[in-house]
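Here the structure is laid out as structure tokens; the discussion comes afterwards.
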Amino acid sequence: MNIPVIAIDGPSASGKGTVAERVAATLGFHFLDSGALYRLTALSAMKHGVALDDEAGVAALAVKLPASFRDGAVWLAEENVTDAIRAEAVGDGASKVAALPAVRAALLDRQRAYRQAPGLVADGRDMGTVVFPDAVAKVFLTASAEARAERRYKQLIEKGNSANLAALVADMQARDARDTARAVAPLKPAADALLLDTTHMGIETAVQKVLAHYDLCK
Ligand code: C5P
């Protein structure tokens with residue numbers, strides 16, 4: 001299979017989602033937001049009353065997750081959950097279920113199925129290391145926890161939510177620690193990934209750097 005994949009990994013609010021979407025739009029590639037699948041799994045567990053540490057129970061939900069991305073929205077069966085999956089509680093739940101090996105295994109084939117012509121830009125934590133180890137270009141986006149918390153703060157305020165910056169920094173650090181320390185598919189750059197620190201970098205510059213890296217690799 002020679003369909004190109006660009007893998008963009010990094011911690012939450014590093015800007016990778018926006019960068020990945022713009023790179024995909026520029027190249028006319030498909031886009032996979034793998035974090036949304038973990039968020040949908042957590043939301044589904046919460047709705048079904050399945051405990052987030054019930055590995056077999058959550059994995060059973062993940063295997064038959066009625067998830068779809070259409071009309072610019074995210075759906076769980078017939079329910080539009082675009083906003084619901086972005087809630088902090090669901091993000092926190094996602095990082096808990098993402099630490100369960102059976103859940104990661106349950107979502108693996110589903111993620112790989114997004115690899116379709118003419119190409120895929122995949123955004124996540126383990127795109128370059130586990131899901132698409134043969135990706136033609138790999139990028140690891142980082143930014144300081146403070147910078148990322150500020151970005152998340154602005155997003156929340158813009159959407160009319162209330163937010164507490166100090167709590168967001170603490171939450172960001174806790175989630176990073178859990179994502180980095182877990183035994184399966186921990187958050188870490190692939191050995192052959194380009195490292196991009198976006199603490200002082202605008203989104204458009206990051207997009208151009210990823211596109212230039214892809215041009216070099218392809
Ligand atoms: O990227 P996003 O913040 O939406 O991801 C939510 C959570 O899902 C992350 O905190 C992480 O724990 C988990 N995740 C993962 N592997 C991925 C994508 C997301 O473990 N490929």
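For the reader, a short list of remarks on this structure follows.
- Residue in segment 16-29 that is surrounded by 24 or more Cβ atoms within 10 Å (Cβ to Cβ), within 13 Å of the ligand (Cβ to nearest atom) and within 19 Å of GLU88 (Cα to Cα) present: yes
- The combined condition, being within 11 Å of the chain's Cα centre (by Cα), crowded, with 19+ Cβ neighbours inside 10 Å, touching a residue at least 40 places away in the same chain (Cβ under 8 Å) and on the phi > 0 side of the Ramachandran plot, is fulfilled by GLY10.
- Only one entry of ASP71, ASP53, ASP33 meets the criterion of being within 15 Å of the ligand (Cβ to nearest atom) and either surrounded by fewer than 16 Cβ atoms within 10 Å (Cβ to Cβ) or free of Cβ contacts under 8 Å to residues at least 24 places away in the same chain (or both), and that entry is ASP53.
- Checking segment 38-60 against the condition returns no match, with no residue being touching a Ser or Thr at 6+ places or on another chain (Cβ under 6 Å) and either assigned by the TED database to the domain that holds ALA185 or at pLDDT 95 or above (or both).
- Residue in segment 10-18 that is part of a helix (DSSP H, G or I) and not assigned by the TED database to the domain that holds VAL207 present: no
- Put simply, of VAL139, VAL184, VAL207 the only residue that is more than 16 Å from the ligand (Cβ to nearest atom), of a type outside the set (Asp, Glu) and touching a residue at least 12 places away in the same chain (Cβ under 8 Å) is VAL207.
- Residue in segment 74-88 that is farthest from LEU168 (Cα to Cα), counting only those that are out of contact with any Lys or Arg (no Cβ under 7 Å at 6 or more places or on another chain) and within 12 Å of the ligand (Cβ to nearest atom): VAL74
- Against the criterion of being surrounded by 15 or more Cβ atoms within 10 Å (Cβ to Cβ) and in contact with a His (Cβ under 6 Å, 6 or more places away or on another chain), LEU156 does not qualify.
The values are calculated or read from the model by the stated rules, or taken from the named source; none is laboratory data. These numbers were taken from a predicted model, which means no experiment stands behind them. Here Cβ is always computed from backbone atoms with ideal geometry, including for glycine, and neighbour counts include all displayed protein chains.
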